[in-house]
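Rule-based calculations on the coordinates, nothing more; no lab input. If you're wondering where the values come from, they're calculated on a predicted model, not measured in any experiment. Here the Cβ positions follow ideal geometry from the backbone for every residue, glycine too, while neighbour counts run over all protein chains shown.
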Amino acid sequence: MTYFGDGFTFGVYPGGRLGSETGLIDPVSPDDPARITEALRELQGGAPRFTVRAYRSYPADDPTPARPEQYLGDGRKLDLVLQYRGPGGSSGSGGPGGLGGSSGELDGWLDSIRTVVRSEGARIAALQICEEPNADLPVLDGSVPGVRRALVEGVVAAKEAALACGFTDLAVGFNAVPAFDPADTFWPEIGELADERFHRALDYVGLDFFPDVFRPVPGEQLAGAVRWLVESFRNDALPKAGIAPNVPVRICENGWPTGPGPGRSEARQAEVVELVVRTVAGLAAELGVTGYGFFGLRDADSAGADLFHHFGLLRDDYSRKPAFDVLKGLVGELTRPSTET
């Protein structure tokens, strides 16, 4: 058995609110901080580190989940996403997702990043600049003009602020979704904008992927699909931006919703969680994968008609689906000290 030891970190998004393809979905009942904390402690078990994913939007500072710092402690730190929604809330320039965005337009954004690092850096494990900047959907940053420049300059600003404050363990990075269009310009344009400061500042790149959710994958092909997605991200996408092979990759968001519809049973969710995590584990050393984050802890609405309502390891009343215990067991197994046999 190969164990990750202290070199691999698991995490989860604990809020009930989430984005769909058309907008934001609020949970059918408010988040219950006590029950969330209890679930996080149980998932973490004896792992030395565990991350709590949270999102904050610029310029509207409306974090989700609310007050994420209340879930920290005992080795739990923030995996904090700073979303870029445009300078001053406006559209900026350059077309959706384009280079756009002059340095002057980005001053407020960069100042907000520095403020977050200075005030909260001690409780942040990973600071992700922008959310899925290559995905052109209304709730995601890839739909915002100038986001690529905001990403590159934001990574530099975050790292410079972290080092100035002495937060040497704060990892700065960004994430992306798989790109299936060979003509996609995202990665080459990041490479065009990036300079040595960016490459020195970049501590990781995150992959958000949801195999067999939006594009069906036959069960016997799922492990191969996971392998292909991670391999192509590392070996095809990142080199187009000049990102070095020693920059770690993190699985920032992965999940599989239960019903509605045939084939989306809770038992199958548990099987998928185990298969995906073990496949990622098998790629960790080969491809430099250093973390895995599950999306998310609780259903938004377990009686809802949309698959986006059902991503949780728990139902909306905090009762467990089988996948909760599966992930808990994997965290315990795969984060044992490497000296164990």
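Could you point to the residue in 304, 335, 150 farthest towards the positive end of the chain's charge dipole, with +1 and -1 charges on the Cβ of Lys/Arg and Asp/Glu respectively?
Working it through, the farthest residue towards the positive pole turns out to be 335.
Could you work out [θ]222 nm for the chain from helices alone, using -39500 (n - 2.57) per DSSP H run of at least four and dividing by all its residues? Round to the nearest 500 deg cm²/dmol.
The per-residue figure over the chain is -9500 deg cm²/dmol.
How would 318, 58 line up from fewest to most surrounding beta-carbon atoms within 10 angstrom?
Ascending Cβ contact count within 10 Å gives the list 318, 58.
Any chance you could give the angle, 0 to 90 degrees and rounded to 10, that helix 266-287 forms with the longest Cα principal axis of the chain?
Here the helix axis deviates by roughly 50 degrees.
Relative to the Cα centre, what is the charge dipole magnitude of the chain, using +1 at the beta carbon of each Lys and Arg, -1 at the beta carbon of each Asp and Glu, and rounding to the nearest 20 debye? Before the final figure, lay out the partial values.
Values: 32 positive and 48 negative charges, 120 e Å.
That gives the chain a dipole magnitude of about 580 debye.
Quick check for me: using +1 on Lys/Arg Cβ and -1 on Asp/Glu Cβ, what's the dipole size of the range 144-198 about its Cα centre, in debye to the nearest 20?
About 160 debye.
Give me 301, 317 ranked fewest to most by other Cβ atoms within 10 Å of their Cβ, as a rough exposure proxy.
317, 301
Report the extension gain between residue 266 and residue 20 in nm, rounded to one decimal, defined as 0.36 nm multiplied by the number of residues separating them, less their alpha carbon distance.
Full-extension gain reported as 86.5 nm.
Between 0 and 90 degrees, rounded to the nearest ten: what's the tilt of helix 147-164 against the longest Cα principal axis of the chain?
It is inclined by approximately 90 degrees.
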